[in-house]
1. Kindly evaluate residue 216 against the criterion of being within 23 Å of residue 131 (Cβ to Cβ), away from the ligand (no atom under 16 Å from the Cβ), touching a Leu at 6+ places or on another chain (Cβ under 8 Å) and among the hydrophobic types (A, V, I, L, M, F, W, C).
2. Scan region 54-74 for residues that are open to solvent by 30 Å² or more (accessible area, probe 1.4 Å), at negative phi and not hydrophobic (A, V, I, L, M, F, W, C) and jot them down.
3. Looking at the structure I just gave you, is residue 29 charged (D, E, K, R), away from the ligand (no atom under 16 Å from the Cβ) and crowded, with 22+ Cβ neighbours inside 10 Å?
4. Consider residue 193 carefully, then state whether it is open to solvent by 40 Å² or more (accessible area, probe 1.4 Å), more than 25 Å from residue 34 (Cβ to Cβ) and in contact with a helix residue (DSSP H, G or I) (Cβ under 7 Å, 6 or more places away or on another chain).
5. Which of the residues belonging to region 149-182 are under 22 Å from the mean Cα position of the chain (by Cα) and modelled with pLDDT under 95?
6. Of all the strands (runs of 3 or more DSSP E) wholly in region 108-200, which have at least 3 residues that are within 15 Å of the ligand (Cβ to nearest atom) and among the hydrophobic types (A, V, I, L, M, F, W, C)?
7. Does any residue of region 36-44 turn out to be more than 16 Å from the ligand (Cβ to nearest atom), touching a residue at least 24 places away in the same chain (Cβ under 8 Å) and out of contact with any His (no Cβ under 6 Å at 6 or more places or on another chain)?
8. Between a residue in region 242-262 that is of a type outside the set (Ser, Thr, Tyr) and any residue that is open to solvent by 90 Å² or more (accessible area, probe 1.4 Å), which pairs come within a Cβ distance under 7 Å, given they are 6 or more apart or on different chains?
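The values are calculated or read from the model by the stated rules, or taken from the named source; none is laboratory data. Keep in mind that this is a model prediction, so the values were computed, not measured. As a convention, Cβ positions derive from the backbone with ideal geometry for all residues, glycine included, and neighbour counts pool all protein chains shown. Just the protein is used for accessible areas: all its heavy atoms, side chains included, with ligands, DNA and RNA removed. Shrake-Rupley method; radii C 1.70, N 1.55, O 1.52, S 1.80 Å.
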Amino acid sequence: MNDAAIGIFDSGMGGLTVMRALMARLPNERFLYLGDTARLPYGTKSADTVTRYAVQAAAALVRRRIKLLVVACNTASGVALPALHEAFAPLAVIDVIVPGAQAALAASPSGPIAVIATEGTVTAGAYPRAIHALAPGIAVSQQACPLFVPLAEEGLVDGEIVELVAHRYLDGLLAAKPTCLVLGCTHYPALKTVIGRIAGDGVTLVDSAATAAMAVEQRLRDDELGTQATAPSHRFLVTDAPDRFARVGQIFLGRPIDPATVELVDLQ
Ligand code: DGL
């Protein structure tokens, strides 16, 4: 299996920020990314629906032979992990919530910690649960920021509109004087400049991408699944609008995406 790809899925393009961190950390590995662009957003849907979508997305990757699955979507990580483990065992599954919790505690060992995420992730209580599993009793507050996803997808990442929306979401949360703010959604790092400006200097912004990449590296090492291949080629699967994915996705990935590597798939 060492020559198989690492599978990654997200509801859309946001998970490409996780793939970017993975490519930087594991330059010899081949990645197969699936963006469920037809059904984005996951963040406003019920846990049952997100779980069904996540299992379908993972199945499409498994059918194409992967050696490890990365759930780059926070919402899917928050609600669908038990179903993914059950459906695809013994495949290794790495989520982004536990690495995000670890990064938050590394930045702010005694809290308070604030988390912003989608409605689904907040309702599931995924981050408080993961943080409390590592550090019981630490103060964690959270806030859903649903408008951040369409703003990031539109490329609206700075300026008056973003400032107004960010104040609306963040002002209440910041009143609790957190020392760390977790960007618990794939899209929020795109708005980091505005969020950081509003949060102020005393608040460390944290996202899961780098820590998740470290978790993947560790798991490959533990399972002896790494490869020494050179110049690996990466492929992308999407459920809608492959041309748009190639065009806009490069902003999230930080490098060009050849449209010929993006395939349209049907998950149902
Ligand atoms: N990928 C989702 C997440 O990280 C954000 C976009 C969506 O709502 O689907 O929670």
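1. Judged against the criteria, residue 216 is a match.
2. Passing the criteria: 56, 63, 64.
3. In short, yes.
4. Spelling it out, it is not the case that residue 193 is open to solvent by 40 Å² or more (accessible area, probe 1.4 Å), more than 25 Å from residue 34 (Cβ to Cβ) and in contact with a helix residue (DSSP H, G or I) (Cβ under 7 Å, 6 or more places away or on another chain).
5. Selection gives 149, 150, 151, 152, 153, 154, 155, 156, 157, 158.
6. Of the strands (runs of 3 or more DSSP E) lying wholly inside region 108-200, those with at least 3 residues that are within 15 Å of the ligand (Cβ to nearest atom) and among the hydrophobic types (A, V, I, L, M, F, W, C) span 113-117.
7. no
8. From region 242-262, the pairs are 242/264; 250/256; 253/20; 254/20; 259/243.
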